[in-house]
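Values quoted throughout were computed directly from the atomic coordinates according to the rules given, and no laboratory measurement underlies them. All values derive from a computational prediction rather than experimental measurement. Here Cβ is always computed from backbone atoms with ideal geometry, including for glycine, and neighbour counts include all displayed protein chains.
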Amino acid sequence: MLDSEDFVVFELRGALLALFPVEKLAADAQAEPEIGQGGIRFNIIITVDAPDEVDALAETVRRAGGRFTKPPTDAEFFVGRDAYFADPERNYWEIAYAPSDNPVVVAARRAANIRP
């Protein structure tokens, strides 16, 4: 388990479950938090291996009709790069790159049994 003032991450046999206050998630996604219908309530993160891969995958998503709430940019809450988009069913996704020493990346690699 990785714990901080703003979030907690649980390692689950090859996957991570990260819990953030919905207000902080909404601020990072540049979207409204869900109050009733239509806002962000959770997201799934697609991790990539390099900052330019965030931009390349975002362009693929854009061509497929994804609606970006946060275009590819240098991340605000961690060192790296990220973008947020909503699919046609209003599920939110984050495309993210963070260096290998990022605590969440370390936890994800450990949970997936991937050694540096």
* Structure fact -> Taking the dipole of the chain about the Cα centre (Lys, Arg +1; Asp, Glu -1; charges at Cβ), the one of Q30, F78, A64 that reaches farthest to the positive side is A64
* **Antiparallel content of DSSP bridges confined to the chain, in %, to 5** => 75
* **Whole-Hz ³J(HN,Hα) from phi, Karplus 6.51 cos²θ - 1.76 cosθ + 1.60, for segment 88-96, glycine and proline x** => x, 8, 6, 7, 9, 10, 10, 9, 9
* Expressed as a fraction of 2.2 N^0.38 Å, the rule-of-thumb size for a compact globular protein of N residues, what is the C-alpha radius of gyration of segment 15-93? -> 1.06
